[in-house]
Amino acid sequence: MEQLKKSLLWAYYLCWAFVVIVAVGAFLLSRTNNNVLIHDETTITTIKSILIIFVLASVPFALWYHHRVWKQLTDGNTTLSKVEKMNKYKNVSLLRIGLITFGTSACILFCYLMVQRDLLYLALIAAVAMIFCKPSAKQSSAELDALLDEGDNNKND
């Protein structure tokens, strides 16, 4: 259980490192080129629309789906073993962090490539969502204890 908490925390920090690397790389790329890398207005509008839809849909979906799967795992109606429950919890947690990281880094990247500063506001929304995805020790312990205690209760019945 401690290994799972540590691996989720490492994944979270690696995602933040990825976002920072994308931001620095996009900044350096935009500074060396001194002009807009994507010129076509229809392309810019299309990319902005896709990013807005993706971020505004993926953030609530990632949080909702993580909560839904956790509720299903702790419901007591599942026949999964402890290891399977922990693996499913890990995969869903990584999916949540990964979806939001992708949206954040894509917004930052295209902000610099298209010189559209309004995408920074969208990246800020996704970054705030990433902050709420941090697997704190207290939260992870509570979720994993509830997850594993349900399995013990089912075997005793």
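The values are calculated or read from the model by the stated rules, or taken from the named source; none is laboratory data. Since the structure is predicted, the reported quantities are computational estimates derived from the model, not experimental observations. Please note: Cβ atoms are built from the backbone with ideal geometry, for glycine as well, and neighbour counts cover all protein chains shown. Remember, those area values only see protein heavy atoms, side chains included, never the ligands or the DNA or RNA. Shrake-Rupley method; radii C 1.70, N 1.55, O 1.52, S 1.80 Å.
Restricting to region 90-122, name every residue that is over 14 Å from the mean Cα position of the chain (by Cα), buried (at least 19 other Cβ atoms within 10 Å of the Cβ) and assigned to a helix (DSSP H, G or I).
Ile108, Leu109, Phe110, Cys111, Tyr112, Met114, Leu119, Leu122
If the Cβ limit is 6 Å and pairs must be 6+ apart or interchain, which residue in region 65-78 that is in contact (Cβ under 8 Å) with a residue 24 or more places away in the chain and more than 16 Å from Ala142 (Cβ to Cβ) pairs with which residue that is surrounded by 11 or more Cβ atoms within 10 Å (Cβ to Cβ) and charged (D, E, K, R)?
Listed pairs, sorted by first residue: Gly76/Glu150.
Within region 123-139, how many residues are part of a loop (DSSP other than H, G, I, E, B) and surrounded by 12 or more Cβ atoms within 10 Å (Cβ to Cβ)?
Looking only at that region, the number is 3.
Of the numbered conditions (1) within 18 Å of Leu109 (Cβ to Cβ); (2) open to solvent by 60 Å² or more (accessible area, probe 1.4 Å); (3) hydrophobic (A, V, I, L, M, F, W, C), Trp10 fails exactly one; give the number of that condition.
All conditions pass for Trp10, except number (1).
What number goes with the only condition from (1) farther than 21 Å from Phe132 by Cβ; (2) modelled with pLDDT of 90 or more that Val83 does not pass?
Among (1) farther than 21 Å from Phe132 by Cβ; (2) modelled with pLDDT of 90 or more, Val83 violates only (2).
What are the pairs with Cβ atoms under 9 angstrom where one residue, in region 42-57, is under 13 Å from Phe102 (Cα atoms) and the other, located anywhere, is open to solvent by less than 70 Å² (accessible area, probe 1.4 Å) and polar (S, T, N, Q)? Sequence gap at least six, or different chains.
Every condition considered, the pairs that remain are Val55/Thr104.
Considering only region 79-89, how many residues are open to solvent by less than 60 Å² (accessible area, probe 1.4 Å) and within 15 Å of Glu143 (Cα to Cα)?
3
If you go through region 89-97 one residue at a time, do you hit one that is of a type in the set (Val, Ile, Thr) and without any contact (Cβ under 8 Å) to a residue 40 or more places away in the chain?
Scanning region 89-97, I find at least one residue that is of a type in the set (Val, Ile, Thr) and without any contact (Cβ under 8 Å) to a residue 40 or more places away in the chain, so the answer is yes.
Can you pull out the residues in region 46-77 that are buried (at least 16 other Cβ atoms within 10 Å of the Cβ) and over 21 Å from Leu122 (Cα atoms)?
His66, Val69, Trp70, Leu73, Thr74
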